[in-house]
Amino acid sequence: MDYVKQYNSKKVLLKLIDTCSHQAHYLSLFSKRGIIDQLEMVEVLNLLIPINREQKFLKELRLPEIITLSNFSGIILKISRIKDEYKKIFEFLVVNYDKLPIEQKAYYFELEEEGAIEKNKCWSYAYPYFTDISYKMNKKLFDKLVARIEKSNFSYDEKIIKIKEEGRNEYNWIDNQTRHINEKYEKVYILQDTVLKAIDNEEYELAHRLNNLCKNKISEDVFEHAEVRKNKKLTAQEKEILYCIHEGIVNLDELIAIDNFKVYEETIKKYPASKAELIYNKLFEKDYKWLFDYFSNIEKNENVVNCFRTKDLEALSKSIEQHLRQNAKFIINQKYFEAPKDNFGRIIVKTQNMTYPFLISCKNKIFLNDLLQNNIDLRLYKKALETASQQEKDNALENIIKNRPTEYSIQKVILETGAKLHKRWTEDDGWGYMVDNDLVDEVSTELLKNQIKILMNKEVD
């Protein structure tokens, strides 16, 4: 056997297998006689598959036909050497699929069947890897695999749905029947890498189709940004803007980071900053088809759906607002819609509901503190200062002086809105307690204004 491994001698191996066919003889092919090591087993399979003797070998060893596959997706997959050996098998089977004997095609792939894939009839666990490898190496096989997985998963889902319908509220019965289904059939999920390969090749329609076969689907963001990145007609700035859009929602922090007030204003007018705003936009545009699909299939709100059935548009508007008030979620831009807190960290209760004007007012806010590190567009600062508290202005002034001491224009804009320098010190209150003092320093504030004026005039000269 060492000779076979060293020289990859198929003729010698074929003679070893065919001259004798009892268990003891086959066990002697392993380095530890009578002990089947998982790594050595898959190495032997790699030698046997090209000569079509692996099924005979496993049968004579009196092992279940799929014994070497049972733990592949669990512990075995984590052992890199074993995983690499299995991948060699997968690649060989995919590349040489058209040359394989009929029995090997059936044993590994079972592509001619129509129903749900049965675990004990083929290498069902390897379908994700077959699919991924065949995308690059055997497109004809790839198409067959994808079609087979789609049909199989559809059949599997039908079986599960039927169990739930028949079981109604008999949850123990449903669990038992579902377990039996899972013991027999495989719900196949392909690898995310396969989807990413299709995206990278700009096969977006195929990529969406493949994404439906993933257990953990790839975000729509990945699709959108890939299309933006590869679009040669877009300018660099247009791409920069579109990278801030996530599934139709603008990320305000990312938009502000572009540091262009004109771009900021145009973009927040064009794109919603929350799912709630998007829903209102669809309502104003009378896109009832989109709203019906959304509340039927995603939010699944029966009250809203009933308004479409009765064609009561006034009730529809009220039902949507009520739904948003109770269920609105902010995946991005959450801080813009959070209730403000007082100096003690307590939430100040807001009286506004999730109305459209409320959403727009929140969307148009810029947090002054977010600009202090990198932004230089003064128009962004002016907008942020419109809603900043006195404390936020004072803190921003001190921050800019400390961290960006030569940014006189920014300091000037902040001062013009009434920001003040402070004098802070700690002293004994006369009773043995140290107390903090914080007073507005009007003198230093005026001196700073005059100094900035002189320095900015020098820059102009």
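Specify, per residue and in Å³, the volume enclosed by the convex hull of the alpha carbon atoms belonging to the chain. List each step's numbers first, then the result.
Working: hull volume 143.6 nm³, N = 461.
Per-residue hull volume (Cα only) is 311 Å³.
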Here the FRET efficiency for N172 versus E254, based on Cβ atoms and R0 = 56 Å and rounded to 0.05, is 0.70
In whole Å, largest first, the alpha carbons of the range 185-344 cover along the principal axes 53, 47, 39
Expected-Rg normalisation [2.2 N^0.38 Å, Cα atoms] applied to the range 213-265: 1.27
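Taking the inverse of the average 1/r across all pairs of different Cα atoms in the range 75-225, what Kirkwood radius in Å do you get?
On the way: mean 1/r = 0.0596 Å⁻¹.
After inverting the mean inverse Cα-Cα distance, the result is 16.8 Å.
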Relative contact order, percent, the chain [alpha-carbon distance under 8 Å, six or more residues apart]: 7
Considering amide H positions built from the backbone, and no H for Pro or chain starts, which residues 5 or more places from A328, or on another chain, come under 5 Å of its amide H? none
Which aspartates and glutamates does K449 reach when only Cα atoms under 12 Å apart count, and residues fewer than 8 places away in its own chain are ignored? E416
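Charges only on Cβ, +1 for Lys and Arg, -1 for Asp and Glu: so what's the dipole of the chain about the Cα centre, in debye to the nearest 20? Don't skip to the end; give the middle numbers.
Numbers: 73 positive and 75 negative charges, 303 e Å.
My answer is approximately 1460 debye.
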Helix 220-230 vs. the chain, principal-axis angle (Cα, 0 to 90°, nearest 10): 80
Dipole axis of the chain (+1 Lys, Arg; -1 Asp, Glu on Cβ), positive-most option in S296, V250, I454: S296
For the range 377-392, Karplus-derived ³J(HN,Hα) couplings (6.51, -1.76, 1.60; θ = phi - 60°; whole Hz; x for glycine and proline) come out as 5, 5, 5, 5, 5, 4, 5, 5, 5, 4, 10, 6, 6, 4, 5, 5
Using modelled amide H (1.01 Å from N, peptide plane; none on Pro or chain starts), what sits under 5 Å from the amide H of Y185, excluding residues fewer than 5 places away? K119
Crossing angle, helix 139-167 versus the chain [Cα axis fit, 0-90 degrees, rounded to tens]: 80
Place the peptides 410-418, 176-184, 217-225, 272-280 in order of packing, highest mean first, counting for every residue the other Cβ atoms within 10 Å and averaging per peptide. 272-280, 410-418, 217-225, 176-184
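Provide Rg over Rh for the range 385-451; use the alpha carbon set for both Rg and the Kirkwood Rh (inverse mean inverse pair distance). Walk me through the numbers before you get to the answer.
Values: Rg = 14.1 Å, Rh = 13.1 Å.
My calculation of the ratio gives 1.08.
Under the rule of -39500 (n - 2.57) per DSSP H run of 4 or more residues, summed and divided by the residues of the chain, what mean residue ellipticity at 222 nm is obtained, to the nearest 500 deg cm²/dmol?
Only helices count here, giving -17500 deg cm²/dmol.
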Along the charge dipole of the chain, Cβ charges K/R +1 and D/E -1, which of T417, I102, V222 sits furthest on the positive end? I102
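Laboratory data are not the source of any read-out in this text; all were calculated from the coordinates shown. In this text, all values refer to a predicted model and were calculated from it rather than measured experimentally. Backbone-built Cβ (ideal geometry, glycine too); neighbour counts: all protein chains shown.
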